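Accompanying notes for the structure given below.
The values are calculated or read from the model by the stated rules, or taken from the named source; none is laboratory data. Just so we're clear, the structure is a prediction, and the values are computed from it rather than from any experiment. Cβ: placed from backbone, ideal geometry, glycine included. Neighbour counts: every protein chain shown.
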Amino acid sequence: MERVRVIVRGRVQGVFFRAGTIEEAKRLGITGHVRNLPDGTVEAVAEGARSDLERFIRWLRRGPEMALVDGLDVSWENSSGEFSGFRLA
């Protein structure tokens, strides 16, 4: 198990980004949460197998159809096992 924290920049609020992120995380079987930040970015924290997290990051680079992702800040961290599913924070 690994953990990744991703800050997504661009037009990512108000375009169903969080809902799409939750769906993708559940599809991949990873746990964690996603939330809007006051500066207009979206933060996703996820735990799971490295290969699933890498797929998750690839999805975050695109996001849902209406999003326009300008970039990601990706930080790998130690897994905590604190999450039981993937939810809106």
- Task: Search the stretch 18-44 for residues that are over 17 Å from Glu65 (Cβ atoms) and without any contact (Cβ under 8 Å) to a residue 24 or more places away in the chain and pair each with any residue that is crowded, with 19+ Cβ neighbours inside 10 Å and of a type in the set (Gly, Ala, Ser) when their beta-carbon atoms are under 7 Å apart and the residues are at least 6 apart or on different chains.
- Result: Gly29/Gly48
- Picking from Gly10, Gly32, Gly14, the residue that is surrounded by fewer than 19 Cβ atoms within 10 Å (Cβ to Cβ) and part of a strand (DSSP E or B) would be Gly10
- Filtered residue count, the stretch 1-53, keeping only those that are over 11 Å from Phe86 (Cβ atoms) and small (Gly, Ala, Ser): 7
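Every residue, every condition in (1) part of a loop (DSSP other than H, G, I, E, B); (2) touching a residue at least 40 places away in the same chain (Cβ under 8 Å); (3) surrounded by fewer than 16 Cβ atoms within 10 Å (Cβ to Cβ); (4) basic (Lys, Arg), yes or no:
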| site | (1), (2), (3), (4) |
| --- | --- |
| Ala46 | no, yes, no, no |
| Glu54 | no, no, yes, no |
| Pro64 | yes, yes, no, no |
| Gly71 | no, yes, yes, no |
| Phe83 | yes, yes, no, no |
- Item | Yes/no for Ala46 being in contact with a helix residue (DSSP H, G or I) (Cβ under 7 Å, 6 or more places away or on another chain) and farther than 12 Å from Phe17 by Cα | yes
- Message: So, Arg27, is that one closer than 11 Å to Gly63 by Cβ and modelled with pLDDT of 95 or more or not?
- Response: no
